[in-house]
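The values are calculated or read from the model by the stated rules, or taken from the named source; none is laboratory data. All values derive from a computational prediction rather than experimental measurement. Every residue, glycine as well, gets a Cβ built from its backbone with ideal geometry; the counts of neighbours run over all protein chains shown. Keep in mind that these areas ignore ligands, DNA and RNA; they rest on the heavy atoms of the full protein, side chains included. Shrake-Rupley method; radii C 1.70, N 1.55, O 1.52, S 1.80 Å.
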Amino acid sequence: MESLTFFSQMALDLHDAPTSESTIERIAEYAKLAIGCDEAGIMLVHARNQIETAAATAQRVGESHSLQIIHDEGPCLDAIDGHDHYHSDDIRIDPRWAKWGPAVAELGLRSVLSLRLETRARRYGSLNLYAERVGAFDEDDLAVATIFVRHASVAIANAHNEEGLQVAIDARKLIGQAQGILMERFDIDADRAFEFLRRQSQSHNVKLRYVAEWVVDHRDTPDATFSAPADQDASVS
């Protein structure tokens with residue numbers, strides 16, 4: 001398949017993915033096809049610099065990522081915070097990752113190419129390509145991977161934005177429902193109903209959408225007393 005056709009098909013497929021999780025999983029699978037490597041994985045950075053393996057084409061990829069967290073070294077971590085890509089022809093003897101490299105070589109992986117996933121607005125993590133043979137990646141592979149990672153970064157950004165927008169839309173609908181219930185029950189206007197929800201949110205230190213969800217869920221039990229769950233996120237939406 002020609003590269004233009006490949007990337008066009010990939011863009012359409014990623015756009016049709018129903019969730020951000022499935023988008024990321026498809027990116028990992030497409031990476032194997034684009035570069036012709038044995039395995040691929042994606043590490044994502046979340047709030048407070050929490051890093052997780054978001055996609056892996058095989059169990060050993062997840063193990064490779066976990067070993068980087070354990071040893072606090074590796075190309076996938078470096079690609080997130082250092083240069084935009086890292087390449088090793090033989091990780092078993094690469095002095096940059098003296099602990100991680102030999103451990104991963106025992107998993108049957110010898111070459112690695114890691115590239116940062118980012119847009120101008122946000123850093124997402126790294127795309128990590130693995131091969132079983134030594135010296136598997138050349139300059140042509142790096143060129144293709146560089147183009148690929150740009151497409152992948154945009155796809156991840158779009159998926160996150162769409163999913164975040166849907167969450168916001170759903171929350172607004174829920175708050176509107178709760179306002180309507182309160183307006184009917186207490187014969188108050190929309191502003192006073194919203195103010196009631198806001199006060200409950202602040203006094204119990206929970207998200208506004210949780211208060212709204214509680215009101216909707218208990219609309220048939222008007223004598224129920226509002227209480228926040230023990231595991232509720234303390235931040236207020």
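What the table below lists for this structure:
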item: Some residue of segment 19-26 being without any contact (Cβ under 8 Å) to a residue 24 or more places away in the chain, among the β-branched types (V, I, T) and open to solvent by 30 Å² or more (accessible area, probe 1.4 Å); result: no
item: Residue list for segment 207-228, restricted to those being within 30 Å of the chain's Cα centre (by Cα) and within 17 Å of R172 (Cβ to Cβ); result: K207, L208, R209, Y210, V211, A212, E213, W214
item: Pairs with Cβ under 8 Å, 6+ apart, first in segment 169-180 and modelled with pLDDT under 80 and open to solvent by less than 80 Å² (accessible area, probe 1.4 Å), second of a type in the set (G, A, S) and part of a helix (DSSP H, G or I); result: A171/A212
item: Only listed residue being at pLDDT 95 or above and under 16 Å from the mean Cα position of the chain (by Cα), chosen from S111, S88, S126; result: S126
item: Flag for Q202 being more than 30 Å from L44 (Cα to Cα), exposed (fewer than 13 other Cβ atoms within 10 Å of the Cβ) and in contact (Cβ under 8 Å) with a residue 24 or more places away in the chain; result: yes
item: Hey, C76 under 24 Å from A11 (Cβ atoms) and at pLDDT 95 or above or not; result: no
